[in-house]
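The values are calculated or read from the model by the stated rules, or taken from the named source; none is laboratory data. Since we're looking at a predicted model, the values are computed, not measured. Note that each Cβ is placed from the backbone with ideal geometry, even for glycine, and that neighbours are counted across all protein chains shown. What goes into the accessible areas is simple: the full protein's heavy atoms, side chains included, and nothing from ligands, DNA or RNA. Shrake-Rupley method; radii C 1.70, N 1.55, O 1.52, S 1.80 Å.
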Amino acid sequence: MNQVLDPFNLIILAIALVVLWRLKSVLGNRTGHERPPFDPYAANRKGDKPAAPAAGGNVLTFPKGAEAAEAVAPAAPEPPPSIWAGYAPDGSAVAQDLERLAKADPQFSPKSFIQGATLAYEMIVEAFANGDKTALKNLLARDVYDGFARAIDTREAEGQKLESRFVGIDNAEIAAVELTGKRAAITVKFVSQLISATLSKDGGVIEGDPKQVRQITDVWIFERDTGSRDPNWK
């Protein structure tokens, strides 16, 4: 008898066919669309790209290289304005002399100086009109004070009266700066609106007009020793 058709072999073959059929029904057929097996180390392999973020999630993008340096580096601070800015033309002699003065006297400020000079100018004009020699003595250099005091004495001896009232100061500008050793001298040009009149003993007008506003231009020189602790200019 042929061994292939042996009953025992036929039984084994039948059992094998049943097992294969069962495995196929459990495992199914591969279609090419199956998900690959999970690999926990796949993201760490060289050349792999990180997974895309989930829809609706937040994405943070960090700059790299030169872009990072440009984004993080703070802007360079602007240089401070020159000491003469707003008070003298660029490159002018006054601008250069103001820089020299600021080096000799670090506390010097054109803004503070002009404010003080304007106040002093108004106080001196009013003190002279009122014959207040005490106030003038604290504001004027000795030789200038002597001239003002003589004029006041002459006016009083003749019975005259000076009426003067400020309407306003239109402009006060630094016209020149001189630094000789420690002596600093600043020339200031004042343009002001003023009512001024000199009256006689009986009230008659000798000079000026007690009702008319006049534009007055004065050029004054203020001096100070930069080595002195006294910050006042005369």
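Taking (1) surrounded by 12 or more Cβ atoms within 10 Å (Cβ to Cβ); (2) modelled with pLDDT under 85 in turn, Y121 satisfies each apart from (2). Within the set A127, A176, A151, the sole residue that is open to solvent by less than 30 Å² (accessible area, probe 1.4 Å) and not in a loop (DSSP other than H, G, I, E, B) turns out to be A127.
Looking at the stretch 78-120, which of its residues are among the β-branched types (V, I, T), farther than 23 Å from G181 by Cα and assigned to a loop (DSSP other than H, G, I, E, B)? Within the stretch 78-120, no residue meets the criteria.
Select from the stretch 194-215 the residues that are of a type in the set (V, I, T), within 43 Å of the chain's Cα centre (by Cα) and open to solvent by 40 Å² or more (accessible area, probe 1.4 Å) and list them in ascending order.
If the condition is that a residue be of a type in the set (V, I, T), within 43 Å of the chain's Cα centre (by Cα) and open to solvent by 40 Å² or more (accessible area, probe 1.4 Å), then V213 is the only one that fits.
Taking A185 as the residue in question, decide whether it is within 30 Å of E99 (Cα to Cα), modelled with pLDDT of 95 or more, open to solvent by 30 Å² or more (accessible area, probe 1.4 Å) and of a type in the set (A, V, I, L, M, F, W, C). Here the answer is no, as A185 does not meet what is asked. Mind listing whichever residues of the stretch 110-146 are in contact with a Lys or Arg (Cβ under 9 Å, 6 or more places away or on another chain) and either among the aromatic types (F, W, Y) or closer than 19 Å to D218 by Cα (or both)? A120, E126, A127, A129, L139, L140, A141, V144, Y145, listed by residue number.
Is at least one residue of the stretch 97-109 aromatic (F, W, Y) and farther than 18 Å from I216 by Cβ? Checking the stretch 97-109: at least one residue is aromatic (F, W, Y) and farther than 18 Å from I216 by Cβ.
All of (1) assigned to a strand (DSSP E or B); (2) among the polar types (S, T, N, Q); (3) within 20 Å of F113 (Cα to Cα); (4) open to solvent by 80 Å² or more (accessible area, probe 1.4 Å) hold for N232 with one exception: (1). Taken over the stretch 95-110, the residue count meeting the criterion of being more than 17 Å from W233 (Cα to Cα) and open to solvent by 50 Å² or more (accessible area, probe 1.4 Å) is 4.
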